[in-house]
1. P(r) for the stretch C:87-176: what percent of alpha-carbon pairs falls in each 5 Å bin, starting at zero?
2. Defining the label point at 7 Å along Cα→Cβ, can you sort the distances from residue C:216 to the same site in each other copy, shortest first, in nm?
3. Sort B:305, D:30 so that the residue with the fewest other Cβ atoms within 10 Å of its own Cβ comes first and the one with the most comes last.
4. With N residues in the stretch C:193-254, what two-decimal value do you get for its Cα radius of gyration over 2.2 N^0.38 Å?
5. Give the angle, between 0 and 90 degrees and rounded to the nearest 10, that separates the Cα long axis of helix B:208-219 from the longest principal axis of the Cα atoms of chain B.
6. What per residue convex hull volume, in Å³, do the alpha-carbon atoms of the protein assembly as shown yield?
7. Fewest to most neighbouring Cβ within 10 Å: what's the order for C:37, B:216, B:226?
8. Note the per residue figure in Å³ for the convex hull of the C-alpha positions in the stretch C:118-235.
């Protein structure tokens, strides 16, 4: 019998991608779709690529509308999930695609988001040590941020194998959909096409503490992350170039072995053959992660690079993957590792 | 029991898209994959987005390699399909994604392709009148060209309803994948990004006689087509802007009614609500066709605009749709009308 | 002695492009820069590419601020130019980059713009017959729309030579800067990259009557224009594909001869050698127009295709060219036919 | 009297950009243009954006053709400049846009280029300490690589002020024109649009020793550089994100002060106001460098980010700037700091 799923925030990019995946999920029936300023509008005018749902009309995000579902996905602006989640029963699976329940440290939350901490839910990055056990059977899931997904998967094997010093440097390029549908001048097509530009430089990006949380757990010590996000002229994709000084004794062989071991059985993480590098186009629309790793002896650094689709594995695909685990379904149900390319 | 499919020409864009779709097709098992200069290489290096097939190695395109399959797809350069097809038995379904068997008029073929005509196979555009009957049970299918798919679906209802004069004007923009993986200077990223340019102007494009063939059949009279293709800075998609002088008595209402009637029951053709226009992004990676139509009283013309993904509905999706019909499977098996957007 | 120029509306794309050109103009000194909601802001934050003006601060658009200049450029939203122009003396050259004074027919204006007609000024497309004489010494100039510039230059030689029937069909692709800096969802980078989409289909675009005005004047009879604009995934550029049924007696030779004659002495219009087609990238940032023409005997049509930069020749470059003529400067002062490519 | 300039290698991207700049240079007359496989072709078909030179025909690169010029620019593949330069007299200014004469250490050259070292010429990055003196009056100039230009200008002030530790980490995104016009599959538009991908990871990129040379000179000690170049979906531009651990005592104030001091009088380097970040679109087609710097206390790093146009300041603009110095012309003659945007 199909799981009945509601989506709060169906008019945005994360909500739209989630619906695209749920339409292809054999065990899910799509229930209520809600919006805020768009309530009352046809989905066909807001998400014209979702033809099978074109006739659906968005409802308001109220407890009544969300009631009667097995799963409720929250694709809401940061800080709005807690209030909605509170009104949902303990027996419904709530998958939060926002930031509200990702951080364990309340002080981190307050420093970066400026509001009281709502709590911490099981973290929806199944590839991290211990994550699957926490997700299995859980009724609450916090889906990771798109950058922390890309960066944590790129670097945790090096930290778990004690091959990297504790000061990571990350420069990541994201497609513009990562910024959502917000009407801001710098997101206009005329501005982004043909241009690369950084933002949130110097430690200010809100995803930084989440990366530190994940990498420190892997390393068993406090890891710092110098994180520079950049906006690239493409709709989708994250390419995360991550590095850290190599610990004494690290080598090309030991580094590669650590990644081979970490990802040998992972269905969605693909360590590329030596000599081949990740490309965001290769994971376009897929839940796959492409990773490659190198040891630069001259510079004394381990370099790990990952490519994901920020909307799929980085948001909605990660949400579905975690839902599958929480519900006891095969983890890859409804998810693909085939990108849409070229 | 799964249908076993071979793909001759698996290293190109059409072959890659076909494999992406076949991987998602529940009734198909992917058999031999062949290439020409790429024989012996891993598919993972040639089509890095097809992770489930990354370890497959391309074989040579020989009768032995292609033997033992239920379906053989030919994604070969124009003019090479006939020789391969001849060596395949009459009991195997051969789906030709090249041009060789599309045209009924040998003189047209020879004028535009400069070689002897190989013959005519049932035409894989099921939405055209009579096409499904010809495809059902057939062992040979000629998949239409990408432009003729977009243009024929945009205009045939107007011709079938006798609303349009016989001189059609078509200007279409295509993504660069329509030109294939050929190493030509004008296809370099540096050249195509930020640029629109026409080619094959003035009646020279090889898809012109195919459009004329389809539209003339619908109109019951010879239709001329002034066709100008343009290359757009995007990887995928065709936007076809098609028009013809309106016949006396045509009106906004009669035009819309003709399209509503033509596409009321079509699973892949979506006539948009009035006021909404097709966008290639909305059909990215999907087998859907978005169509809108208008009547311009001041200019006295019927204007019909369609958007397709040139690699999906325009090539590989059309091939799978036709294969489904030929094999007696539900027509939409393994195909989606959900685009990957934004 | 330098001409002192003020720019009203310096924060938008047209105003920014004008300033880029004026910075390179040896006979112009840049005076007051005004804005509306942006008054008080540094130009460096609004137009970060104009480094020599980064420290300038926008003022309000008032008669006092605009006083004391030899030339005032108006880069204002449609309908706002008349009120500002009224307050400027008859001895100052006013160059309006908006639509207010382009149309000769008040009924056309009211039908397409919905407000009372403000009047008609000398039309700033010097390449049209008689235009230079009207511009020389004039104190008022109406700069043409970007689409009418591309379309009129593509088609008027065919009409002037009586080679084309009176029903033109135009499909044009524009870069997103043509839509300005307006914060609209469909102009977000995530929406426009990878997508082609039409708008204003069926005769509704406001540039239509301007094209009809220009082509009818050339033909000596009323010409209708079926105009379909499309939005392309690029920041700049217009590619206009224009055609009309050939008049009896037209031929490839007579068509080419008409264009060679029309543009033999034009400094900015470049009729390409046979076999080479216009590309918007080739005129990026330049005031050049690339044109090619073909005669399609099978379809019985004359096809003329032009490429311009919508912000340069299509707006600000055309404005500077007209200013030069009005002031008696060499027409090409400060303007280039060299594009920025690739 | 105008300086007469020849360009060897006029059909490539570097040669084309150089010609674009020379066309706007008031003191230069363009002489011979040569090519290799393209000799005999019209420049109009190879560089269709250079309309004023459209009728020029490429000659072969021979001593006779290059004789009789005041300046000869070499835009040749790496390793070919030395042989051509040898045949030119000592009294002609030779500006090499290739790599041949950039490195001081013959072992570095041989390790990265695999051929005997040809020598070292004065280095055409005038903003580096001592560079202008070496260039003034010189008859030989080695134009820097595009990446070393962006990276050296971003980081040398931090090293010169002893604010950064000696292990730099650089991740840079380049437009595809940086790879030239080579016909390689990964440079096809279909492959690069919508995709970010790294290359030359782990220390292998040939520009690495050049960066090390420049930064070590500034620091007064050996600096290592971990350099990861990435290919971005745009034609032009480099965004270089550079960082190093902060030395004890470094602070936001001391870092900013170092950059303000270093670039106070530089005509082409623009240190942005605090809070504004470089964008490659802002320097499109210009010789400007936009730089911003930050101190990340939590991560203990100095982060400096620069944006240049790889073809202008990164290649041809740097060449013209150095030529001006070598010839005793004002350094900014014919060069602009105005970008073409949006």
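1. With a bin width of 5 Å, the distribution comes to 2, 12, 18, 20, 22, 16, 6, 2, 1, 0.
2. Result for residue C:216, in nm, nearest copy first: 3.8, 7.4, 7.5.
3. D:30, B:305
4. 1.39
5. With rounding to tens, the tilt is 50 degrees.
6. Measuring per residue, one finds 172 Å³ for the Cα hull of the protein assembly as shown.
7. Placing the least packed residue first, the sequence is C:37, B:216, B:226.
8. 128 Å³
Since every read-out is calculated from the coordinates, none of them should be taken as a lab result. Computed from a predicted structure; not experimentally measured. FYI the Cβ positions are ideal-geometry reconstructions off the backbone, even for glycines, and counts take in every protein chain you see.
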